[in-house]
Amino acid sequence: RLQIERSIVGPIRLPDTKVELVISDSIIDAPEPDSDVTQKLALVGPIIRLERVTVFGRVRVSEISLAENVLFTAPVTVTRRDAGRMHHCYLPAGSKTPFRESCQDGSPQLQPAFTARRYGEPGYAQLSLACPAEIRAGGTMGAEIGVFHHLRQPQREAALLAQLEEYVRFGLETGLIYVT
């Protein structure tokens, strides 16, 4: 069993063996190379379990035992689709996965938007304010889908606005101004 927690990693290539890959609270940054060599290799990886992960790049595995609160930015191809499940995930169009429950499927109107997609830039892998609400609050308990699920941003924003309304004098308006 190979386990990755609270990390930012590049491409992961493992053989299709009895190894289980477990990734949680992490970013996988594996952009597609310029050539289509990897498309022709048809690599199939191990059984994986993903929780609260943002994945930049294609995913090709033999089986996904569980994917929960995972944001995929490129199509996902799973060989064994009769086992495992996807729960509160965002999946781009063309993905071939096991059973999906409360997942958001990619369409032209429903695309994730990030503050920054390049490692090292401020706001790397953070969902931007322009990101559709179905993704920003589409995870379990109404939190965002992806690596920053634990921050519970939609709940924090709602709680702050409620508190502001309670303590502001009559006739004044409140609002949030985001500073980056």
Problem - Tally of residues being open to solvent by less than 70 Å² (accessible area, probe 1.4 Å), within 19 Å of HIS88 (Cα to Cα) and part of a loop (DSSP other than H, G, I, E, B) across region 100-125 - result: 6
Practice task
Go through region 147-161 residue by residue and tally those that are open to solvent by 40 Å² or more (accessible area, probe 1.4 Å), touching an Asp or Glu at 6+ places or on another chain (Cβ under 8 Å) and under 14 Å from VAL53 (Cβ atoms).
Solution key: 1
Exercise for the section: Look at PRO46 and say whether it is surrounded by fewer than 20 Cβ atoms within 10 Å (Cβ to Cβ) and either modelled with pLDDT of 90 or more or assigned to a loop (DSSP other than H, G, I, E, B) (or both). Expected result: no
Practice task
May I ask you to list the residues in region 6-17 that are touching a residue at least 24 places away in the same chain (Cβ under 8 Å) and either in a loop (DSSP other than H, G, I, E, B) or within 11 Å of SER62 (Cα to Cα) (or both)?
Solution key: PRO11, ILE12, ARG13, LEU14, PRO15, ASP16, THR17
Exercise for the section: Tell me, yes or no, whether region 134-146 has at least one residue that is open to solvent by less than 10 Å² (accessible area, probe 1.4 Å), in contact with a Cys (Cβ under 8 Å, 6 or more places away or on another chain) and closer than 23 Å to ILE47 by Cα. Expected result: yes
Problem - region 75-99, subset among the charged types (D, E, K, R) and in a strand (DSSP E or B), residue least open to solvent (accessible area, probe 1.4 Å) - result: ARG85
Exercise for the section: Check region 110-122 and report whether any residue there is among the aromatic types (Phe, Trp, Tyr), modelled with pLDDT under 95 and more than 21 Å from LEU14 (Cα to Cα). Expected result: yes
Practice task
Could you tell me whether LEU164 is open to solvent by less than 80 Å² (accessible area, probe 1.4 Å), more than 17 Å from CYS103 (Cα to Cα), in a loop (DSSP other than H, G, I, E, B) and hydrophobic (A, V, I, L, M, F, W, C)?
Solution key: no
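The values are calculated or read from the model by the stated rules, or taken from the named source; none is laboratory data. Treat the numbers as computed from the prediction; the structure is a model and nothing was measured. Neighbour counts are summed over all protein chains in view; Cβ atoms, including those assigned to glycine, are modelled from backbone coordinates with ideal geometry. Note: accessible area is taken over every heavy atom of the protein model, side chains too, but ligands, DNA and RNA are not part of it. Shrake-Rupley method; radii C 1.70, N 1.55, O 1.52, S 1.80 Å.
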